[in-house]
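Participant: Sharing a structure with you now.
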Amino acid sequence: SALAHNFNFSRYTTRKQSSYLFSQANQYTMSEVQKESSDGSHDIELTPFTLFRYVASIALLIFSIIIVGALIFTGNTRVAKETHPAVALIVCIAAIVWLSMIEGQQASLVGLPPVDPDLYKDSHPMTYKNAALAFRGDNLDRYLMGRQFMVLLVVFVINQCAGPLDPTVDVLGLPDGVKLVFLDIGLGMIVFTCILGQLTTQVNASHCMIDFINNYFALFTLYVAMTVEFSGVMHCSYLVQNLLSAMSGKPIISNEPPRTGFTFAFFWGRVLMSIAILGFCLAVVFKALFNGQTMMTVKYPNLPNGVNVFLFFFFMSIVGMLEGMQIAFFAVAKLPANERGTSF
């Protein structure tokens, strides 16, 4: 949690306007608005331990940025080695900036549905355009699916630009223990990517939902995510959704009429295509795991291949749970207290 604490200073500068929007939409009573939007409810007491975590997190981020810069300019990353360090630096910065928009936009779009878009139509026209597209039919679900693919793709690009090719080579004269933690294990890249590309904008966008996506960059990102979803690459996720719905006996709530004719065939055709793509990818991954052709085998040659397979599914499950929880928390946090329910 210390990694995110240095961003807790961000506050929604237009909190009074946000409270006004919610009150106009009859989402809150006046007493609830005052309670929910009070500045004191978000203040953090600056105890010595809290200050220590702020300073430690900032120092860790600065140190990670220095290490990443050193790796790039010494040609110890894949892109820097195969092209030029300047190319790696530019692509890495561009990828970080886009990742920050992707992550922040999610916080905004998932939290904004309770607010009537007409209330910010004139004051935030680009936010209104984002909302008009994202909240039409089931487009928000489509955006979230396309956005997830974009996150993984952009993080992959960042790793190619800034991840070390050889974590054992000399970097700024660092001792072997520091290189093991920050380069071999990858703590430097984790801190660099999470704080700069994800946590910063998520924290700010969760407070500044209306302001954050009031630009063409957000609208462009939304269209790209929708295009990725339309391609059907990940449509097998819809099959899983339908299977879970059938098993649980709970219908899928949709804002669109049932698919018929060409729409039905086109949807399930993309599902079949996605299943074929997923099957091929799983075959490649399993072959690499059982043949010992992964980085786990390189770094830990005595580890059985069966353990690698177990760890693969274990961490995939953890990531899936964390992503689902994130969406749920963003959505529920912006609901009025009387709509959240009381049961667990």
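Participant: Could you tell me which residue of region 224-266 is nearest to residue 133 (Cα to Cα), considering only residues that are hydroxyl-bearing (Ser, Thr, Tyr) and assigned to a loop (DSSP other than H, G, I, E, B)?
Facilitator: Result: 254.
Participant: Determine which single condition residue 244 fails, assuming it passes every other condition in (1) farther than 23 Å from residue 316 by Cβ; (2) open to solvent by 80 Å² or more (accessible area, probe 1.4 Å).
Facilitator: So residue 244 meets the others, but not (1).
Participant: For region 189-223, which positions are in a loop (DSSP other than H, G, I, E, B) and modelled with pLDDT under 90?
Facilitator: 208
Participant: Can you report the number of residues in region 267-298 which are polar (S, T, N, Q) and part of a loop (DSSP other than H, G, I, E, B)?
Facilitator: 3
Participant: For residues that are basic (Lys, Arg) and either open to solvent by 60 Å² or more (accessible area, probe 1.4 Å) or in contact with a strand residue (DSSP E or B) (Cβ under 9 Å, 6 or more places away or on another chain) (or both), tally how many sit in region 253-298.
Facilitator: 2
Participant: Modelled with pLDDT under 90, closer than 20 Å to residue 80 by Cα and out of contact with any strand residue (DSSP E or B) (no Cβ under 8 Å at 6 or more places or on another chain): is that true of residue 186 in this structure?
Facilitator: yes
Participant: Residue under question is residue 162, and the condition is that it be in contact with a helix residue (DSSP H, G or I) (Cβ under 6 Å, 6 or more places away or on another chain), farther than 20 Å from residue 325 by Cα and open to solvent by less than 50 Å² (accessible area, probe 1.4 Å); does it hold?
Facilitator: Considered against the rule, which asks whether it is in contact with a helix residue (DSSP H, G or I) (Cβ under 6 Å, 6 or more places away or on another chain), farther than 20 Å from residue 325 by Cα and open to solvent by less than 50 Å² (accessible area, probe 1.4 Å), residue 162 comes out as yes.
Participant: Can you list the helices (runs of 4 or more DSSP H) found entirely within region 44-150 that contain at least 2 residues being under 26 Å from residue 183 (Cβ atoms) and open to solvent by 20 Å² or more (accessible area, probe 1.4 Å)?
Facilitator: In region 44-150, 48-73, 78-82, 85-111 are the helices (runs of 4 or more DSSP H) which contain 2 or more residues that are under 26 Å from residue 183 (Cβ atoms) and open to solvent by 20 Å² or more (accessible area, probe 1.4 Å).
The values are calculated or read from the model by the stated rules, or taken from the named source; none is laboratory data. Note that the coordinates shown come from a computational prediction; the quantities given were computed from them, not determined experimentally. A quick note on method: Cβ atoms are made from the backbone with ideal geometry, for glycine too, and the neighbour counts reach across all protein chains shown. Accessible surface areas use protein heavy atoms only, side chains included; no ligands, DNA or RNA. Shrake-Rupley method; radii C 1.70, N 1.55, O 1.52, S 1.80 Å.
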